[in-house]
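Any read-out appearing in this document is the output of simple, stated calculations on the displayed coordinates, not a laboratory observation. Worth saying up front: this structure is predicted, and the values here are computed from it rather than measured. Here Cβ is always computed from backbone atoms with ideal geometry, including for glycine, and neighbour counts include all displayed protein chains.
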């Protein structure tokens with residue numbers, strides 16, 4: 001969906017408290033300072049809230065990078081509408 | 001109290017906006033990381049700079065048993081132990097003994113952790129209980145089966161509560177009550193538990209964190225002591241001056257029940273030691289009418305320690321009540337249905353706690369109760385008698401007015417004072433006085449009950465309490481002095497007193513005794529220290545008044561010395577009670 005990427009970026013910047021974050025498809029936790037398992041659940045819950053979607057445990061644990069995350073958000077949003 | 005907002009705020013806290021520090025350790029079999037930013041922010045809102053220590057995940061046993069653990073190196077003021085029902089469920093599933101034996105073993109395990117902590121640290125232990133599980137294996141029949149998981153959790157909670165009751169230095173964090181207030185359906189988040197061992201839903205972590213802050217602040221003496229009440233439309237419906245005693249709305253059933261319920265709530269607070277004051281814009285004779293004539297009044301005139309009914313503004317009256325009671329404004333809660341009065345008091349006296357009251361009186365009790373304003377860390381016999389003590393004080397003040405001079409008045413009181421070394425019977429009240437005394441407190445060391453117990457058992461130290469009584473009643477335990485001999489000096493490590501007993505020669509009597517003690521021990525000097533706080537200005541020149549000379553330190557932390565041979569013994573009108581201080 002058109003605005004997924006932009007809105008995701010806003011959530012990332014907020015959660016990691018860093019306005020310089022620019023999301024890339026292949027970005028992983030290793031690329032973002034403070035992205036640990038704690039922040040991960042803050043991030044997931046914030047994304048769910050932002051897009052009014054809900055991920056399953058399996059979906060959350062199998063995500064490999066930001067690209068897959070965005071795709072998952074798009075899929076959830078599409079199935080909602 | 002929104003999770004994300006509090007986390008965001010935690011990144012921008014200004015340490016300069018705090019006036020106190022606290023060290024908190026978190027131990028849990030769930031993840032504690034999410035609580036750290038929440039606690040930081042919520043403490044900061046109360047002017048407290050919190051440093052936090054997180055024990056490694058599931059490290060409760062390891063960290064508490066090992067004397068060299070990071071936990072003890074951190075030297076926390078408080079250790080919060082958060083036990084999750086999720087972890088309990090997992091270990092229940094693997095039980096080898098029967099369910100009741102399992103419950104007993106878990107309880108013993110928890111008490112063992114307290115033992116371990118208390119053998120290595122004087123930190124206050126704050127033990128959580130378990131949130132009741134949401135699943136019912138037998139349905140309603142769960143309650144009839146002692147071995148059902150819910151019965152087991154309930155019995156562990158009861159047993160832990162009971163063990164904590166008889167234990168100094170252990171407080172309870174009633175997580176079950178917080179969770180059931182939120183609702184278990186909303187509290188638990190199994191997915192977050194699976195992903196990150198999160199204790200509960202992120203949304204509800206703030207209310208638990210606030211509960212922890214409330215407990216911690218109470219250990220620092222930040223507790224409410226008095227509720228100041230408006231009358232018309234707060235304590236009863238209608239306006240007594242207009243409607244008359246038959247016209248006001250107040251009854252046990254129906255439209256006046258909301259006010260009746262508020263009065264019952266206040267009566268319970270009173271019975272646990274919270275003082276009640278009235279501050280009403282009314283003629284005194286009208287204001288008193290319901291207390292004297294209305295059959296459904298739960299509160300009686302004698303329940304009200306300070307009764308102010310006049311036409312001056314409420315802030316001024318609250319100040320007056322503060323002066324009479326000698327308590328801090330920040331320990332007063334003001335209840336008034338009128339938003340104008342609430343805002344006036346908030347504006348003029350920002351320290352006073354002014355809860356927002358809902359429009360419907362039916363919701364008053366719930367709104368007040370939700371704020372958890374009446375947290376405490378102790379409960380002693382004195383609490384039950386507090387209203388009586390303060391009322392006797394008001395009577396003393398009346399008597400004072402009718403005597404020609406102060407000496408004559410003091411002599412007429414026939415005061416008797418007992419000074420004795422700390423004993424286990426008085427420890428709760430001693431610790432309470434130490435936590436609560438702000439104004440007449442020279443060094444403001446906040447010893448916990450466990451610290452006091454350690455002092456009691458320390459032969460090198462002379463920890464004393466003083467009890468006062470007079471013709472009109474018993475003041476109870478009103479002072480604490482901790483002395484220690486160093487070289488040729490008797491050092492006053494602590495000296496604090498209840499402000500109820502000022503200006504009657506108590507401090508003079510005690511100083512006579514301290515100097516006498518130095519003499520007996522052949523020490524040539526007495527040394528004292530004054531550590532300035534926001535509230536203890538009253539005793540800034542305390543040592544100077546007794547002829548001490550400042551010999552070191554600065555304005556904020558001054559050292560004072562008295563040469564024993566120079567001391568002029570003070571005349572007082574207090575005679576020793578049966579046993580005076582026992583020499584070591």
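How high is the relative contact order of chain B, in percent, with contacts defined as C-alpha pairs under 8 Å that are six or more residues apart?
Working: 1006 pairs, mean separation 55.5, N = 584.
Rounded, it is 10 percent for chain B.
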Mean shadow area of region B:3-219 over all directions, Cα convex hull, nm²: 12.1
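Mind checking the mean number of beta-carbon atoms from other chains within 10 Å of the Cβ atoms in B:192-198? Mind showing how you got there, number by number?
Details: counts 5, 1, 4, 8, 9, 2, 4.
Averaged over the peptide's residues, the number is 5.
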Region A:4-80 - convex hull of alpha carbons, volume per residue in Å³: 81
Cα centroid separation, region B:323-361 to region B:499-565 (Å): 36
Label-point gap, in nm, between residue B:246 and residue B:68 - each point 7 angstrom along Cα→Cβ: 8.4
Quarter of the Cα convex hull surface for region B:305-344, i.e. its orientation-mean projected area (nm²): 3.0
Computed [θ] at 222 nm, helices only, for the protein assembly as shown once each DSSP H run of length n ≥ 4 contributes -39500 (n - 2.57): -13000 deg cm²/dmol
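When Cβ neighbours within 10 Å are restricted to other protein chains, what is their mean count per residue of peptide A:7-16? Can you show the working numbers first?
Working: counts 0, 0, 0, 0, 1, 0, 0, 3, 3, 0.
Partner Cβ neighbours, averaged per residue: 1.
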Debye-sum result for chain B in log10 I(q)/I(0), which assumes one identical scatterer on each alpha carbon, at q = 0.06, 0.09, 0.11, 0.12 Å⁻¹: -0.37, -0.83, -1.17, -1.32
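So what's Rg/Rh here for region B:511-584, counting alpha carbon atoms and using the Kirkwood radius for Rh? Write out the running numbers ahead of the final one.
Numbers: Rg = 14.0 Å, Rh = 13.8 Å.
Answer for region B:511-584: 1.01.
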All-pairs Cα distance distribution in the protein assembly as shown, expressed in whole percent, bin size 20 Å: 15, 42, 33, 9, 1
Residue A:6/residue B:45 FRET efficiency (R0 41 Å; Cβ-Cβ; nearest 0.05): 0.80
By average C-beta atoms within 10 angstrom, highest first, the peptides B:28-36, B:444-452, B:137-145: B:28-36, B:444-452, B:137-145
Acute angle (nearest 10 degrees) that the helix A:37-51 long axis makes with the longest principal axis of chain A, alpha-carbon atoms: 40
Pairwise centroid distance, computed over Cα atoms, of region B:192-213 with region B:243-270, Å: 38
Equivalent ellipsoid, region B:226-370 (semi-axes from 5 times Cα gyration tensor eigenvalues, Å): 22, 17, 15
Cα centroid separation, region A:41-81 to region B:125-149 (Å): 34
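Quote the convex hull volume per residue of region B:397-576, based on C-alpha atoms, as a whole number of Å³.
Numbers: hull volume 21.7 nm³, N = 180.
Considering the Cα atoms of region B:397-576, their hull volume per residue is 121 Å³.
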Folded to 0 to 90 degrees: helix A:4-15 orientation relative to chain A principal axis, Cα: 40
Computed P(r) (all Cα pairs; region B:187-271; 10 Å bins; percent): 15, 24, 20, 21, 15, 4, 1
Debye-sum result for region B:277-345 in log10 I(q)/I(0), which assumes one identical scatterer on each alpha carbon, at q = 0.18, 0.23 Å⁻¹: -0.74, -1.12
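Averaged over peptide A:37-46, how many Cβ atoms belonging to another chain are found within 10 Å of each residue's Cβ?
Working: counts 5, 8, 4, 2, 11, 9, 0, 5, 9, 4.
Per-residue shielding by partner chains comes out at 6.
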Shape call, region B:307-379: gyration tensor on alpha carbons, a/c limit 1.5: oblate
Distance (nanometres) between label positions extended 7 Å along Cα→Cβ at residue B:356 and residue B:190: 3.7
Virtual spin-label span in nm between residue A:77 and residue B:11, 7 Å along Cα→Cβ: 2.3
Packing rank of A:28-39, B:494-505, where each peptide gets the mean count of other beta carbons within 10 Å, highest leading: B:494-505, A:28-39
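Compute and list, largest first, the equivalent-ellipsoid semi-axes of region B:94-237 from the alpha carbon gyration tensor, each √(5λ) rounded to a whole angstrom.
Numbers: eigenvalues 182, 106, 60 Å².
Semi-axis lengths for region B:94-237 are 30, 23, 17 Å.
Return the FRET efficiency for the residue pair residue B:521, residue B:472: r is the Cβ-Cβ distance, R0 is 30 Å, and the value is rounded to the nearest 0.05. Can you show the working numbers first?
On the way: r = 36 Å, r/R0 = 1.20.
Result of the calculation: an efficiency of 0.25.
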Globularity index of region B:142-191, i.e. its alpha-carbon radius of gyration over 2.2 N^0.38 Å: 1.37
Rounded tilt (10° steps) of A:66-80 against the dominant C-alpha axis of chain A: 30
